[in-house]
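Trainee: After the structure tokens below, expect a handful of questions from me.
The values are calculated or read from the model by the stated rules, or taken from the named source; none is laboratory data. Note that the structure is a prediction, hence the values are computed from the model and not measured. Heads up, the Cβs are rebuilt from the backbone with ideal geometry, glycines too, and the neighbour counts pull from every protein chain shown.
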């Protein structure tokens, strides 16, 4: 499977492993994706789209088994508050459908905030830009590709 995210990683010479799994459209939980590829949920990160009251759209990348700490993210982004965007707005903003959102090849270069626990792993997994596909790569490489900022944004 060659997604735009995979093509970008290839063009930058970044080492990664593509992990594919069977998708159940009725259960798109990141925890299920982790289970299907045999990784612990804290090593598989989901990408959420949020809107800040000052800085606009941001992408928040957090472990599958956590929820986003909206106050911590707002503090990190310089917003007074941030809120998840409605599901109907995710695809027009990112170019991706729910369950396949990735910051690597997003429609626009939105600011990306990654939970600091990503650094606990030699490699972690994020969406490859399609349902049923993850890329496993070094957190430092991911941070570089998406110009990401680390922070304590999950609980």
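Trainee: Any idea how many residues of segment 131-155 are in a helix (DSSP H, G or I), more than 20 Å from residue 67 (Cα to Cα) and touching a strand residue (DSSP E or B) at 6+ places or on another chain (Cβ under 7 Å)?
Mentor: 3
Trainee: Can residue 37 be described as in contact (Cβ under 8 Å) with a residue 12 or more places away in the chain, in contact with a strand residue (DSSP E or B) (Cβ under 9 Å, 6 or more places away or on another chain), surrounded by fewer than 20 Cβ atoms within 10 Å (Cβ to Cβ) and on the phi < 0 side of the Ramachandran plot?
Mentor: yes
Trainee: Moving to a separate point now. How many of the residues in segment 83-102 are surrounded by fewer than 17 Cβ atoms within 10 Å (Cβ to Cβ) and either in a strand (DSSP E or B) or touching a residue at least 24 places away in the same chain (Cβ under 8 Å) (or both)?
Mentor: Number of matching residues: 5.
Trainee: Which of the numbered conditions does residue 118 fail, given that it passes all the others? Conditions: (1) within 13 Å of the chain's Cα centre (by Cα); (2) over 20 Å from residue 14 (Cβ atoms); (3) crowded, with 21+ Cβ neighbours inside 10 Å.
Mentor: (2)
Trainee: Report, by residue number, each residue of segment 109-130 that is more than 25 Å from residue 56 (Cα to Cα) and not in a strand (DSSP E or B).
Mentor: Passing the criteria: 119, 120, 121, 122, 123.
Trainee: Specify which of the listed residues (133, 105) is crowded, with 19+ Cβ neighbours inside 10 Å and at pLDDT below 95.
Mentor: 105
Trainee: Is it the case that residue 59 is assigned to a helix (DSSP H, G or I) and crowded, with 20+ Cβ neighbours inside 10 Å?
Mentor: no
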